[in-house]
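For reference, the structure is listed below as structure tokens.
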Amino acid sequence: MGNFWDERFSGDEYIYGTEPNEFFKTEIDKLEPGRALFLGEGEGRNSVYAATLGWKVDAVDFSRAGKHKALALAKRKNAEINYTVADLKDFTPPESSYDLVVIIFLHLHEELRKEVHAKAIAALKPGGRIILEVFDKDQLKYRSGGPPNIELLYSLEDVYTDFQDLEIEKFSKEIIELNESRHHSGKACVVRYVGIKPPPRGSG
């Protein structure tokens, strides 16, 4: 998969554009800056935006080409991000360290997906948030982007189960109009989620 994405990100074009994901932007714009982790961050459009707002940003992806373009974008925006090239199955973020974990259109097989989501929850400080937008299984009806493999797509139940230890702030399945460069363009079926990590039981 690393080779696939290295090849895809190797050109001058930013595959999904340089502007942040709309749902992510709407949600992060409401928050006070802190420390944020971006998983499967690709070419950096979301992490760089967060950095311009004053967030301390860590980004992870297994594509070296993605890192190269993300750092170039950060330089253009006078922002700074810390970008690690790693396979998510081998990457474990420090526990209770982040105010925000961002997962935008990261599509993994079920076993790895559950593992990555569990690590994301563990990485959150109490009161920290997950912002997630992914393609629903019904995305197979559309041609606006996403993997053409139902096993890599999400259901509401998948998201609810994976993040059941968080308090739901937003959770919906929506038909939206994507406008994220030519690879994410048109009507799409997505799951949007914001969850908050509660304080440890017995505290307060």
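Here are a few things to note about the model shown:
- Single residue of the range 178-192 satisfying the filter (modelled with pLDDT of 95 or more and charged (D, E, K, R)) that is surrounded by the most Cβ atoms within 10 Å (Cβ to Cβ): R192
- Any hit, the range 167-176, residues being in a helix (DSSP H, G or I) and surrounded by 14 or more Cβ atoms within 10 Å (Cβ to Cβ): no
- Number of the condition not met by P93 [criteria: (1) more than 27 Å from H109 (Cβ to Cβ); (2) free of Cβ contacts under 8 Å to residues at least 60 places away in the same chain; (3) not aromatic (F, W, Y)]: (1)
- Selection count, the range 141-175, where residues are more than 12 Å from V194 (Cα to Cα), hydrophobic (A, V, I, L, M, F, W, C) and touching a residue at least 24 places away in the same chain (Cβ under 8 Å): 3
- A count restricted to the range 72-94 and to residues that are out of contact with any helix residue (DSSP H, G or I) (no Cβ under 9 Å at 6 or more places or on another chain) and in a helix (DSSP H, G or I) stands at 2.
- Considering residues of the range 25-66 that are polar (S, T, N, Q), part of a helix (DSSP H, G or I) and more than 11 Å from the chain's Cα centre (by Cα) only, the residue nearest to V116 (Cα to Cα): T26
- Residues within the range 129-151 that are over 18 Å from the mean Cα position of the chain (by Cα), among the charged types (D, E, K, R), modelled with pLDDT of 95 or more and farther than 12 Å from E174 by Cα, tallied: 2
- Candidate set: the range 95-127, residues that are over 14 Å from the mean Cα position of the chain (by Cα) and among the basic types (K, R); chosen: the one surrounded by the most Cβ atoms within 10 Å (Cβ to Cβ): K125
- Of the set (1) of a type in the set (V, I, T); (2) surrounded by fewer than 16 Cβ atoms within 10 Å (Cβ to Cβ); (3) touching a strand residue (DSSP E or B) at 6+ places or on another chain (Cβ under 8 Å), all apply to I150 but (3).
For (1) among the aromatic types (F, W, Y); (2) within 23 Å of V190 (Cβ to Cβ); (3) surrounded by fewer than 21 Cβ atoms within 10 Å (Cβ to Cβ); (4) modelled with pLDDT of 95 or more, each residue gets a yes or a no:
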residue: R8; (1), (2), (3), (4): no, yes, yes, no
residue: F24; (1), (2), (3), (4): yes, yes, no, yes
residue: I28; (1), (2), (3), (4): no, yes, no, yes
residue: W55; (1), (2), (3), (4): yes, no, no, yes
residue: N78; (1), (2), (3), (4): no, no, yes, yes
residue: T84; (1), (2), (3), (4): no, no, yes, yes
residue: F91; (1), (2), (3), (4): yes, no, yes, yes
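The values are calculated or read from the model by the stated rules, or taken from the named source; none is laboratory data. Nothing here was measured: the structure is a model prediction, and the numbers come from that model. Because the Cβ atoms are built from the backbone with ideal geometry, glycine has one as well, and the counts that use them run over all protein chains shown.
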